[in-house]
Amino acid sequence: MAIVAPSLLAANFLRLEDECKMINESVADWLHLDVMDGRFVPNISFGIPVIEHVRKATTKFCDVHLMIEAPGDHVPAFKRAGADSIIVHLETCPNLHRNIQQIKELGMKPAVAINPHTPVLLLNDILADLHHVLIMTVNPGFGGQKFIPHSLEKIKQLRKISDERKLNVLIEVDGGVTGDNAKDLVSAGADVLVAGNTVFSSADPMETIKKLKAINQENKEQKERSAFL
Ligand code: DX5
Ligand code: ZN
């Protein structure tokens, strides 16, 4: 069964506690938290104080996606705020191996994100150290964008590399995930579906989360892989 990770960026920020409660009661597995600095990406979202509060309101695994320059400077603060995993972008980390070790040493799950233009092959020498890889399926910075079709090929490539090397790294996809493309994503090899607007803009978010899980369950291959992991 794939992991469903609603992205809080699409939530109603005036009602964050209620939104967290809804996620707690849902079958979602993770809560995805998007941090943007207005430099690496052309938008500013929220940061450490918000995550500290969200941490108190959520029972879910907090997956923190850092779309910021020099993320290593802030990793300890995100740990204190309650992050369970930290995703750094390959494009912001000239010393990526050091960043990954830092995240691990602080007791969090390390992950690396790649932008739509970044080849999967660039991950080869870091893959074995990662808990998950985030394949961006839109250009980072905004919710509600359209899925970039070429991403499907990248998911397949990474799935192949990971299976051939018998790695346990999870493949997460982020951006433009909908009820319509989720099945293709899972069939291509995605283990974790991040969904912002698809969940929070729907009439019944809990039901939408359930449906995303149900799509995953329909895929036999995915089920077998999850059992193996
Ligand atoms: C975009 C963020 C995403 C965003 C996804 O830069 O990384 O997590 O919240 O939003 P949707 O699912 O609406 O495309
Ligand atoms: Zn994200």
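Could you tell me what percent of the accessible area of region 76-201 is made up of carbon and sulfur, with a 1.4 Å probe and every protein chain present? Spell out each step's value before the answer.
On the way: 2660 of 5270 Å².
Carbon with sulfur: 50 percent of the solvent-accessible area.
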For this session: Express in whole angstrom the spacing between the alpha-carbon centres of region 1-42 and region 122-148.
Result: 17
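Can you tell me the alpha carbon radius of gyration of the chain divided by the globular rule-of-thumb value 2.2 N^0.38 Å? Write down the numbers at each step before the final one.
Numbers: Rg = 16.1 Å, N = 229, 2.2 N^0.38 = 17.3 Å.
Ratio of Rg to 2.2 N^0.38 Å for the chain: 0.93.
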Problem set entry | Point-charge dipole on Cβ atoms (K/R +1, D/E -1) for the chain, about Cα centre, debye to 20 | 300
Exercise. Could you give the accessible area per residue of the chain, probe 1.4 Å, as a whole number in Å²?
Worked result: 45
Exercise. Counting only pairs 8 or more places apart or on different chains, how many lysine pairs in region 40-150 have C-alpha atoms closer than 18 Å?
Worked result: 5
Exercise. Over the Cα atoms of region 1-137, how large are the radius of gyration and the largest Cα-Cα distance (Dmax), in Å?
Worked result: 14.5, 42
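So how strong a dipole does region 57-117 carry about its Cα centre when Lys and Arg Cβ are +1 and Asp and Glu Cβ are -1, to the nearest 20 debye? Kindly include the intermediate steps, with their values, before the conclusion.
Numbers: 6 positive and 6 negative charges, 45 e Å.
Result for region 57-117 is approximately 220 debye, rounded to the nearest 20.
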Exercise. Lys/Arg Cβ at +1, Asp/Glu Cβ at -1, dipole of region 62-132 taken about the Cα centre: which of G82, Q101, P71 is farthest positive-ward?
Worked result: G82
Problem set entry | Gain on full stretching of the segment that runs from A203 to R165 - 0.36 nm per residue minus C-alpha separation | 9.5 nm
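The values are calculated or read from the model by the stated rules, or taken from the named source; none is laboratory data. These figures come from a predicted structure and were not determined experimentally. For neighbour counting, all protein chains shown are included, and Cβ atoms are generated from backbone atoms with ideal geometry for every residue, glycine included. We work out accessible area using only protein heavy atoms, side chains counted, and drop any ligands, DNA or RNA first. Shrake-Rupley method; radii C 1.70, N 1.55, O 1.52, S 1.80 Å.
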